[in-house]
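First up is the structure itself, then whatever we jot down about it.
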Protein chains: 2
Amino acid sequence: MSLLVTGSIGIDTVKTPYGVSVDCLGGSSVYFSMAASFFTPVRFVGVIGPDCPFDLAQVFAGRDVDLKGLEVREKSKTFRWTGSYSDNMDDRRTDYIELNVLAEAPPEVPEAYRDSKYVFLANTAPALQLQLLEQVQNPDFVAADTMDCWIKDDFEDLKRLLKKVDCLIINDGEAKLLADEHNLVRAAEKILDMGPTVVIIKKGESGSMLCKEGGEMFVLPAYPAAEVKDPTGAGDSFAGGLMGYLVQVGRIDFDSLKTAVAYGTIVASFTIADFSLAGLTSISKADIDGRLETLRQITHF
Amino acid sequence: MSLLVTGSIGIDTVKTPYGVSVDCLGGSSVYFSMAASFFTPVRFVGVIGPDCPFDLAQVFAGRDVDLKGLEVREKSKTFRWTGSYSDNMDDRRTDYIELNVLAEAPPEVPEAYRDSKYVFLANTAPALQLQLLEQVQNPDFVAADTMDCWIKDDFEDLKRLLKKVDCLIINDGEAKLLADEHNLVRAAEKILDMGPTVVIIKKGESGSMLCKEGGEMFVLPAYPAAEVKDPTGAGDSFAGGLMGYLVQVGRIDFDSLKTAVAYGTIVASFTIADFSLAGLTSISKADIDGRLETLRQITHF
């Protein structure tokens, strides 16, 4: 099995009540790959400028992350994002953004990746997600993320994308916006009508909800973390743990999807415990499995 | 076993995106008793004025709710509340309030109730909760609710109350305010240090969290309800289902507490499906048990 991710690589500056992390490594495909690599090899597609201070080969050293799809684009610059979180971590504000290379043509999917069976299209313009997806020959399971700006401004492209993906992984506010429906259960039903057979709604510290066409449903609280230093990357880590586990088991039946959501939840709980990737690079698969067992214990009755 | 509740009886007017319910029956002890009566007999303590248009004997007809503790106070008036909910049901606004009889002396706990073993003190001034509790001789398990105004303005009385109750059932915003702590796990720990051996935090559509001294914890999502017409009374119904189940099993070990939280969650999910008490009066215990089984299925992995 093979897992392909397309997404961003960023130079992030993040302020939270616990501190400031200046010019640290971020980006959706970076968090996703780090999370997924606990479970399965990852094929990475993304683009940076020559200004990028991070050696991704070193960042992923010892992990099975194939960087053949990393393009260093001359005469361009790496994506930059500066954001800050409120005291209660509920609100995130973007203080500064430089799209740079993300505003240009997307990277190519390398020839060697085109047979990938599992694909995650991290958030970007739906037209670009479609362009990336068209380069994959015959995927078994495609998941995508999106965000409010595309729902508002690029709805036609997004509708086309939704007809081509198996799974949409989206946060609760975006789900309500996309479905034009306040009730999350009904919003999920309306999104399933738009094309995906599975929708997974992330609710931050309120957990997540999985809905499958035909009416199957799964709801799970977030792991109750006493230590939350930086929520950046939680959603992409969730997706990475989830997709990584699905590839590892090689099945997308409902039981596998439920456990995948639980693994995503756990991996995200480690991400938010520290700045940038430190919460993920400091743990082992055994830590993830241990916390999954704890989550099982504290949620079953 | 015997379950005593002290709380309000109200004439409510409620506006939600689904309609308006004018001068309907409400109040914490009413919702609590209706919910708890699915599990166990209830001893009801509350006070109304002669203006109250509801015959509570008729409201609770066929249910084992003892109204010996219902006082009709001459020359006073029944509590009135008018509130409205935002489109997404997330925000509730009090448009109008007449405390009336609630601003006077609390009702007496009848002699015949003073041997009650399980007690729920619904939200009111902590000094009144203490005064009511002092009339119960030797309870086994006392739970209380409170709200932001008492935390802000009556903190000394509240601290005295917390040393005398076994369990605080409180919403997430109030828990953070009481503990002066944004993180809910740490907030729960700080509240346990104030006296109760159990704290149960209600998070509305995000579910609930149960923490017990010694570190035991349980987290549960809300039942994913597609039908939410009026959230009024959800918290008191939750407490009613929870306490009712505890009395029914006659144990307060951690497994019983977990199942009690699940029953509270389910009863509340029926309350919010319709205005006033209609969501509870239209169902049977079998409906509650059926939905509990569904909740178990959709949360276990």
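The alpha carbon radius of gyration of the range A:121-194, expressed as a multiple of 2.2 N^0.38 Å, is 1.05. Look at the stretch A:212-225: the mean tally of other chain Cβ atoms within 10 Å of its residues' Cβ atoms is 4.
For a paramagnetic label modelled on B:Arg92 (point 7 Å from Cα along Cα→Cβ), amide N atoms under 12 Å away belong, within the range B:204-236, to B:204-205, B:230-236. The residues neighbouring A:Val185, those whose beta-carbon lies less than 12 Å from its own, together hold a net charge of -2 under the Lys/Arg +1, Asp/Glu -1 convention. Expressed per residue, the C-alpha convex hull volume of chain A stands at 125 Å³.
Rolling a 1.4 Å probe over the protein chains gives B:His182 an accessible area of about 100 Å². What you get for the range B:88-151, charging only the Cβ of Lys and Arg (+1) and of Asp and Glu (-1), is a dipole of about 120 debye around the Cα centre.
In a shell of Cβ-Cβ distance under 12 Å around A:Lys164, excluding A:Lys164 itself, what net charge do Lys and Arg (+1) and Asp and Glu (-1) give? Result for the local shell: 0.
Residues whose amide H falls under 5 Å from that of A:Val47, counting only those 5 or more places apart or on a different chain, are A:Ile9, A:Glu71, with hydrogens built in the peptide plane.
Taking only DSSP H segments of four or more residues, each worth -39500 (n - 2.57), what value at 222 nm results for the protein assembly as shown once the sum is divided by all its residues, to the nearest 500 deg cm²/dmol?
Numbers: 22 runs with 211 residues, N = 602.
My calculation for the protein assembly as shown gives -10000 deg cm²/dmol from helical runs alone.
Taken about its Cα centre, chain B carries a charge dipole of about 340 debye when Lys and Arg each add +1 at the Cβ and Asp and Glu each add -1 at the Cβ.
Distances between copies at A:Glu216, taken between label points 7 Å from Cα along the C-beta direction, are 3.3 nm in increasing order.
Ascending distances from the B:Pro53 label point to its copies in the other chains, with the point 7 Å along the Cα-to-beta-carbon line: 7.0 nm. Take B:Leu25: with every protein chain present and a 1.4 Å probe, its accessible area is about 10 Å². Kirkwood radius and radius of gyration were both taken over the C-alpha atoms of the range B:1-131, and their ratio Rg/Rh is 0.98.
Please go through the residue pairs A:Lys15/A:Lys203; A:Lys203/A:Lys258; A:Lys190/A:Lys212; A:Lys176/B:Lys229; A:Lys77/A:Lys159 and name each one whose alpha carbons sit more than 20 Å apart in this structure. Before the final figure, lay out the partial values.
On the way: A:Lys15/A:Lys203 22 Å; A:Lys203/A:Lys258 16 Å; A:Lys190/A:Lys212 12 Å; A:Lys176/B:Lys229 17 Å; A:Lys77/A:Lys159 31 Å.
Distance filter (> 20 Å) returns A:Lys15/A:Lys203; A:Lys77/A:Lys159.
Each residue was assigned an accessible area with a 1.4 Å probe, and for B:Arg160 the value is about 130 Å². Per-residue accessible area (protein heavy atoms, 1.4 Å probe) orders A:Trp81, A:Trp150 as A:Trp150, A:Trp81, starting from the largest. Rounded to the nearest whole Hz, the Karplus-based 3J(HN,Hα) values (6.51 cos²θ - 1.76 cosθ + 1.60, θ = phi - 60°) of the range B:111-116 follow the sequence 3, 5, 9, 6, 9, 4, with x at glycine and proline. When chain B is turned onto chain A, the axis of that turn runs closest to one Cβ of chain B, and that residue with its distance in whole Å is B:Ser206, 2.
Between B:Pro107, B:Pro139, B:Pro17, the Gaussian network model of chain B with springs among Cα atoms under 10 angstrom shows the greatest mean-square fluctuation at B:Pro17. Across identical copies of the chain, A:Leu177 has label-point separations of 3.0 nm, listed in ascending order, with the point defined 7 angstrom from Cα along Cα→Cβ. Any idea which of B:Gln297, A:Ala188, B:Thr124 is furthest toward the positive side of the dipole for the protein assembly as shown, if Lys and Arg beta-carbons carry +1 and Asp and Glu beta-carbons -1? Projecting each Cα onto the dipole axis, the largest value belongs to B:Gln297. Just checking the listed ones, A:Ser276, A:Ser33, A:Ser21: in the Gaussian network model of chain A with Cα springs under 10 Å, the one fluctuating most is A:Ser21.
With K and R counted +1 and D and E -1, the other residues having a Cβ less than 11 Å from that of A:Gly207 yield a net charge of 0.
Whole-Å semi-axes of the range A:161-265's equivalent ellipsoid, largest first, each the root of 5 times a Cα gyration tensor eigenvalue? Walk me through the intermediate numbers first.
Working: eigenvalues 86, 62, 28 Å².
Ellipsoid half-lengths, sorted descending, are 21, 18, 12 Å.
What share of Cα pairs, in percent, lie more than 38 angstrom apart in the protein assembly as shown?
Details: 65040 of 180901 pairs.
So the pairs more than 38 Å apart make up 36 percent of the total in the protein assembly as shown.
The values are calculated or read from the model by the stated rules, or taken from the named source; none is laboratory data. Please read all numbers here as calculations on a predicted model, not as lab measurements. We place every Cβ from the backbone using ideal geometry, glycine too, and count neighbours over all the protein chains shown. Keep in mind that these areas ignore ligands, DNA and RNA; they rest on the heavy atoms of the full protein, side chains included. Shrake-Rupley method; radii C 1.70, N 1.55, O 1.52, S 1.80 Å.
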